Structures are given as C-alpha cells and as structure tokens.
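The values are calculated or read from the model by the stated rules, or taken from the named source; none is laboratory data. Please read all numbers here as calculations on a predicted model, not as lab measurements. For neighbour counting, all protein chains shown are included, and Cβ atoms are generated from backbone atoms with ideal geometry for every residue, glycine included.
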Amino acid sequence: MKVISEKTKVTVDANSRVSLVTGADRADMAFRALQPFSKEIAQAIGNRRIVIKPNLVSSSIQLSATHKETVEGILEFYKSINKLENVVVGESAADGPTMAAYDNYGFIPVAEKYKVKLTDLDENPSQVLYVMDELNLHPKPVRMSSLLMDRNNFVMSVARMKTHDRIVATLTFKNVAVGAPIKDPGFAFGRNRVVGTRSDKAIVHGNGFRGINYNLFNIAYNIRPDLSFIDGYDGMEGDGPTNGTLIEHRVCLAGLDWMSVDRVGIELMGVDPSTIGYMNFCAAAGMGQYDIDKIDIIGEKVTDHIKPYKLSRNIDKQLQWMTPLRERGESLY
C-alpha cells in the first residue's frame with residue numbers, strides 16, 4: 001500500500017482486486033460479490049460508521065436508480081460480518097426530496113427490516129469545496145455533504161452501470177462526487193420547486209465538458225468511496241444517466257479500489273477507457289489502478305461478459321476535454 005498524500009489520505013493498492021459475479025438474483029449477486037473481501041472490509045471498517053451511498057439521481061425512474069434488492073443483499077453482507085449496528089444510507093436525490101425517492105423505490109421497509117437509518121444528505125451538515133467554472137476559470141464554492149467528506153466514515157458507493165451525457169459513463173466514483181453536493185430543502189425540478197431554492201450539483205458540472213472532468217478529478221482528493229459496488233444486473237445505455245434505455249447484462253462488481261472497480265465496469269460496457277477524462281486524470285495522479293492488465297479479477301472472466309453499450313448521442317461533444325482550448329504556441333497576449 002502506497003500513500004500518495006498524508007493530508008488527503010489518497011492511497012493506491014498495488015494489488016487491486018475486483019470481484020465479478022453473474023446471476024439471476026440481485027440480492028444474491030450483491031452478497032456474493034462482496035464475500036471475497038469479508039476480512040478486508042471488516043478490518044477497514046473497524047469502529048467506523050458505514051455510509052451507504054446509493055444512486056438516486058431520479059426519484060421516479062427505476063432504471064436510473066439503485067434497486068432495493070441490491071441494498072438488501074449488501075445489508076445481508078454487513079450482517080454476516082457483524083457490521084450492521086452502525087449503518088446509514090445517505091443520498092441527496094437530484095430532482096427533489098430524497099425521502100420521496102426512498103419511498104418510491106421501496107427502501108423504507110428494507111431499512112426497517114435491517115434497522116438501519118435512511119438519511120437525506122441535504123438535511124445534514126455540509127462544508128465548502130471549490131470547483132472550476134469552464135466559462136471564466138473562476139473558483140466556485142460548492143456545499144458538500146460532511147457525511148461523505150468525513151474520512152472517519154466508511155463510505156460505500158452503490159452505483160448502477162450507466163452511460164452518461166457528460167462524462168461517457170457513470171460508475172462508483174461519480175456517484176459520490178456528484179451526490180455529495182447538497183441542495184436547499186424545497187428544491188425540485190419543474191413546478192414543484194420552492195422559489196429561491198437552489199442545488200449545488202450543477203456547479204460541479206463546471207459549465208462544460210472540460211469543466212466537469214477537471215472538477216471530478218479535483219474532488220477525488222477529498223471525496224471517494226472506501227468500498228465500490230456496481231450493479232450491472234441491468235444497465236442503462238444511450239442517453240444516460242436518466243434518459244437511456246435498458247440493456248440486460250446480469251453482472252455485478254465489487255472492490256476496495258474505486259478506480260479498479262470502475263475500470264472493470266468500463267471494460268464490461270465496451271467503453272474506450274481513454275475517453276473518460278477524469279479517470280485518466282486520477283490515474284495519472286496515482287489515485288488507483290487503471291491498467292486492466294494489473295487488476296486481479298476474482299470470479300468470472302471479463303471477456304466472457306463484455307456487452308457494448310450504446311453511448312449518448314452527444315458523445316462527440318463529450319470528448320472536447322481531449323482537445324486544447326487553443327493551438328500550442330498561440331500567444332496569450
């Protein structure tokens with residue numbers, strides 16, 4: 001284990017491992033994907049609070065959101081390693097009240113069954129990080145969930161396997177990085193929005209394809225999952241993260257190095273890893289393993305389960321981050 005920065009505690013495990021399972025039952029797949037890491041996860045948790053961060057980007061489109069059966073399988077796993085006594089499920093839904101999303105997706109009876117708390121990150125403390133605005137390169141303050149930023153918590157990202165209309169694909173790191181910015185109580189999309197309320201999630205997008213990739217890279221120094229999980233039982237292709245279409249895949253991934261997990265996810269989706277800007281930036285900064293040949297994959301073979309996902313219609317625009325803003329040698333004056 002190599003420590004990159006004591007201040008931010010960014011670490012790299014040279015022997016990154018990822019569990020890949022398949023099956024016909026979400027809960028069972030989740031449990032089996034986590035099992036190979038039982039000892040490591042229990043040791044990493046210690047006495048820390050576990051924060052499970054689902055992806056509820058929409059409170060009404062199930063294909064875009066973490067499934068209750070996935071959460072149930074994860075909670076069964078924590079029960080099996082005697083780590084269920086201090087678990088919080090925390091989210092800030094993008095389009096409206098988080099508790100409404102929990103209710104719509106059936107999270108409430110699951111939480112009651114396992115005696116865990118469902119919390120709205122918008123109603124908890126926050127702290128300010130600064131991100132970049134591509135239009136003027138000015139730093140912009142963003143209110144970020146303290147629950148996800150607190151390195152004394154053990155943060156688990158539970159993502160869906162989806163394409164994206166800004167960063168090609170959205171997996172476990174993106175789930176926490178853009179789930180962490182909070183919104184005012186009463187903020188919602190459309191006519192239900194309370195006048196004067198705002199969401200800080202849009203600020204992280206940086207007003208452009210270069211901005212969002214840089215901002216995600218910068219956020220990774222402060223917010224990242226300790227345990228990553230991808231539900232690819234069925235994925236979303238096309239115009240994700242909310243307007244895409246279903247693709248049946250029947251895969252599930254887990255691991256303690258978020259970059260390795262997301263990298264294997266990208267491989268399974270048939271996505272070119274060179275096209276995802278922030279992940280290339282994070283890899284260059286030594287934040288995880290991005291070389292698929294150096295990732296130890298437990299269980300199924302990746303090559304047996306690759307299913308190319310149709311990308312968003314604006315993929316050409318998304319790749320702007322790969323090109324310079326001006327020609328090399330062009331004068332600044």
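Which condition number does ALA94 fail, the rest of (1) at pLDDT below 95; (2) at positive phi being met?
Among (1) at pLDDT below 95; (2) at positive phi, the lone unmet condition for ALA94 is (2).
If you take the residues of segment 210-246 that are aromatic (Phe, Trp, Tyr) and part of a helix (DSSP H, G or I), which of them is farthest from GLU134 (Cα to Cα)?
Taking the candidates together, the pick is PHE217.
All but one of (1) of a type outside the set (S, T, N, Q); (2) part of a loop (DSSP other than H, G, I, E, B); (3) closer than 19 Å to ALA94 by Cβ hold for VAL158; which doesn't?
Exception for VAL158: condition (2).
Can you go through VAL168, VAL195 and tell me which one is among the aliphatic types (A, V, I, L, M) and modelled with pLDDT under 95?
Checking each option against the conditions leaves just VAL195.
Taking segment 66-115, which residues are among the aliphatic types (A, V, I, L, M), surrounded by fewer than 22 Cβ atoms within 10 Å (Cβ to Cβ) and closer than 30 Å to VAL194 by Cα?
Residues satisfying the conditions are VAL88, MET99, ALA100, ILE108, ALA111.
Quick one: how many residues across segment 141-157 are over 19 Å from ASP122 (Cβ atoms) and either surrounded by 15 or more Cβ atoms within 10 Å (Cβ to Cβ) or among the polar types (S, T, N, Q) (or both)?
The qualifying residues number 3.
Output the number of the condition that ARG48 fails; it satisfies all remaining conditions of (1) modelled with pLDDT under 95; (2) farther than 30 Å from ASP95 by Cβ; (3) within 21 Å of the chain's Cα centre (by Cα).
The number of the failed condition is (1).
Please go through segment 124-151 and give me each residue that is modelled with pLDDT of 95 or more, within 27 Å of HIS67 (Cα to Cα) and outside any strand (DSSP E or B), ordered by number.
Result: ASN124, PRO125, SER146, LEU147, LEU148, MET149, ASP150.
Could you figure out which of (1) among the aliphatic types (A, V, I, L, M); (2) touching a Lys or Arg at 6+ places or on another chain (Cβ under 6 Å); (3) under 26 Å from GLY46 (Cβ atoms) isn't true of ILE182?
Going through (1) among the aliphatic types (A, V, I, L, M); (2) touching a Lys or Arg at 6+ places or on another chain (Cβ under 6 Å); (3) under 26 Å from GLY46 (Cβ atoms) one by one, ILE182 breaks only (3).
Going through LEU129, LEU121 one at a time, which residue ends up being closer than 16 Å to PRO54 by Cα, touching a residue at least 60 places away in the same chain (Cβ under 8 Å), surrounded by 14 or more Cβ atoms within 10 Å (Cβ to Cβ) and not hydroxyl-bearing (Ser, Thr, Tyr)?
Testing whether each residue is closer than 16 Å to PRO54 by Cα, touching a residue at least 60 places away in the same chain (Cβ under 8 Å), surrounded by 14 or more Cβ atoms within 10 Å (Cβ to Cβ) and not hydroxyl-bearing (Ser, Thr, Tyr) leaves just LEU121.
Pick from segment 30-77 the residues that are among the aliphatic types (A, V, I, L, M) and not in a helix (DSSP H, G or I): which of them is nearest to LEU148 (Cα to Cα)?
By that ranking, first place goes to VAL51.
Search segment 255-276 for residues being in a helix (DSSP H, G or I) and more than 15 Å from the chain's Cα centre (by Cα), and hand back the single one that is farthest from LEU216 (Cα to Cα).
Among them, the one singled out is LEU268.
Restricting attention to segment 303-321, and to residues there that are assigned to a loop (DSSP other than H, G, I, E, B) and aliphatic (A, V, I, L, M), which single residue is surrounded by the most Cβ atoms within 10 Å (Cβ to Cβ)?
So, considering only residues that are assigned to a loop (DSSP other than H, G, I, E, B) and aliphatic (A, V, I, L, M), the one surrounded by the most Cβ atoms within 10 Å (Cβ to Cβ) is LEU311.
Do the conditions hold for GLY286, that is, is it modelled with pLDDT of 95 or more and more than 25 Å from LEU135 (Cβ to Cβ)?
Judged against the criteria, GLY286 is a match.
So which of VAL204, VAL271, VAL264 is β-branched (Val, Ile, Thr) and surrounded by fewer than 22 Cβ atoms within 10 Å (Cβ to Cβ)?
Residue meeting the stated conditions: VAL271.
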